[in-house]
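See structure below.
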Amino acid sequence: MANATITDALRAMRRLGTTSAGRLTGMNLDDAWRMPALASGAPGWPDGLNALLADRTAGTVTGDTPAYVVFSDGFPVCWLTCDAVTVVPPADLSRNQVKHRDLAVEALADLVRYALSRLADLRDVRDGRPDDVDSGYGTERLGMVRVADPACPARAWWVPVGADLPEARRRINDTIGGGEPLILVAHGYGDYGRSAHRLHLDVLCAINAAAEAHHLTGNVVGDWLAGEGGLAPGLVPADEVAPKFAEAFVGVFSHELSYTAFRLAETGWEAALRQLGAIEFFDTAKYNRHLFDREVRAITNSRDTGGGIVVCRRRQD
């Protein structure tokens with residue numbers, strides 16, 4: 001295993017990826033073959049961990065079973081269970097080991113959604129609910145979110161979400177109880193749903209509201225939001241999503257050149273060029289590139305809402 005920097009190793013830990021930064025190592029138990037001691041533990045390791053590893057090797061997997069173990073100088077300073085709970089065993093650690101442990105605990109408390117969803121899949125299978133596993137095909141649960149109580153992130157449910165935020169909150173509260181939900185997966189929300197580190201229910205509802213107002217899908221508005229910097233927390237507040245999208249929305253066109261022709265007519269350039277007899281000399285392709293590089297963006301539209309592209313004005317900073 002090639003050595004990474006501490007920063008790279010912590011980034012890998014947030015993905016539950018096996019990694020090594022020399023004296024600091026993170027090990028996904030799916031890669032346990034890399035460290036034979038993980039089969040049943042080792043002398044000097046915490047007794048609780050050794051017993052859990054032996055049970056895992058024997059085929060007994062529960063919510064307390066380690067899924068990821070972090071080592072500092074060869075000693076397991078903490079581990080993440082299959083229920084996404086970080087365990088810090090009592091131990092006499094060196095100053096460097098304490099530093100590594102604290103960094104690892106912070107990283108494991110901020111797992112990427114993909115890693116959390118994978119743990120939720122494993123929990124679903126253990127609990128006899130294989131139909132709840134996320135297949136990765138977004139078309140299967142369009143407009144739905146997979147939510148969990150942050151206190152138990154590996155126990156997740158699928159809940160439909162619309163444009164009505166109070167109704168969405170009611171549905172989720174009825175499912176997981178009160179408090180702010182941890183949203184693991186959101187299908188049908190474009191690049192925002194796929195790429196944002198943390199998803200926010202009010203933003204998802206605002207995406208739905210903007211999509212409904214323009215007879216589009218949430219994927220279109222989510223792609224627009226991500227392109228406008230919406231992946232950065234708070235850059236586009238939820239209450240501004242619908243009005244900003246309405247301001248940016250130009251229309252639905254069959255393809256880019258269709259919009260370019262519309263733009264030439266709208267500005268009066270086409271009429272002027274024809275009057276001068278110069279329309280055949282105008283570089284339409286170059287103008288098209290300028291428009292879509294500088295002024296507008298094209299977003300693939302769903303066949304269900306007409307196909308083609310949705311054209312939106314770019315934010316001018």
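Can you give me the C-alpha center-to-center distance between region 253-283 and region 9-37, rounded to a whole angstrom? So the separation of the two Cα centres works out to 58 Å. Model label sites at LEU142 and VAL88, defined 7 Å from Cα along the beta-carbon direction, differ in position by 4.6 nm.
From the protein chains alone at 1.4 Å, what is the descending order of accessible area for ASP134, ASP102, largest first?
On the way: ASP134 35, ASP102 80 Å².
Accessible-area ranking of ASP134, ASP102, largest first: ASP102, ASP134.
With 0.36 nm allotted per residue and the present C-alpha distance subtracted, the PHE262-THR7 stretch has 86.9 nm of extension available.
Keeping the other protein chains in place, figure out the carbon and sulfur percent of the accessible area of the chain, with a 1.4 Å probe.
Details: 8220 of 15950 Å².
So the carbon and sulfur contribution to the accessible surface is 52 percent.
When the chain is treated as a Gaussian network with alpha carbon springs shorter than 10 Å, the biggest mean-square fluctuation among GLU106, GLU270, GLU256 belongs to GLU270.
State the extension gain, in nm to one decimal, for the chain segment bounded by ARG313 and ARG129, taking 0.36 nm per residue of separation less the distance between their alpha-carbons. Display every interim value, and only then the final one.
Values: separation 184, 0.36 × 184 = 66.24 nm, distance 4.44 nm.
Full extension from ARG313 to ARG129 adds 61.8 nm.
Computed over protein heavy atoms with a 1.4 Å probe, the accessible surface of region 215-317 works out to 59 Å² per residue. Only DSSP H runs of four or more residues enter the estimate; each adds -39500 (n - 2.57), and after division by the residues of the chain the mean residue ellipticity at 222 nm equals -12000 deg cm²/dmol. Think of a 1.4 Å ball rolled over the protein heavy atoms: region 1-136 then has 48 Å² of accessible area per residue. In terms of its alpha-carbon gyration tensor, region 222-317 comes out prolate; a/c meets the 1.5 threshold, and the first ratio a/b outweighs b/c. With a 1.4 Å probe rolled over the protein heavy atoms of all chains, the accessible area of SER94, SER72, SER254 falls in the order SER254, SER94, SER72, largest first. Listed options for mean projected area of the Cα convex hull in nm² are [x] 16.6; [y] 17.9; [z] 20.9. The value calculated from this structure is the one marked [z]. Peptides 300-308, 223-231 ranked from most to least packed, by the mean per-residue count of other Cβ atoms within 10 Å: 223-231, 300-308. Note on THR60 and ASP164: with the Förster distance fixed at 30 Å, the Cβ-Cβ geometry gives a FRET efficiency of about 0.10. Is the shape of region 107-157 best called rounded, prolate or oblate, per the rule: a/c under 1.5 gives rounded, else a/b larger than b/c gives prolate, else oblate, with a ≥ b ≥ c the square roots of the Cα gyration tensor eigenvalues? Note, shape of region 107-157 comes out oblate. A Gaussian network model of the chain, with springs between Cα atoms under 10 Å, assigns the largest mean-square fluctuation among ASN96, ASN50, ASN219 to ASN96. Just checking the listed ones, LEU49, LEU257, LEU184: in the Gaussian network model of the chain with Cα springs under 10 Å, the one fluctuating most is LEU257.
The values are calculated or read from the model by the stated rules, or taken from the named source; none is laboratory data. Please read these numbers as outputs of a predicted model, since none were measured by experiment. Positions of Cβ are backbone-derived with ideal geometry, glycine not excepted, and every protein chain shown enters the neighbour counts. Accessible surface is based on the protein model in full, side chains and every heavy atom, while ligands, DNA and RNA are left aside. Shrake-Rupley method; radii C 1.70, N 1.55, O 1.52, S 1.80 Å.
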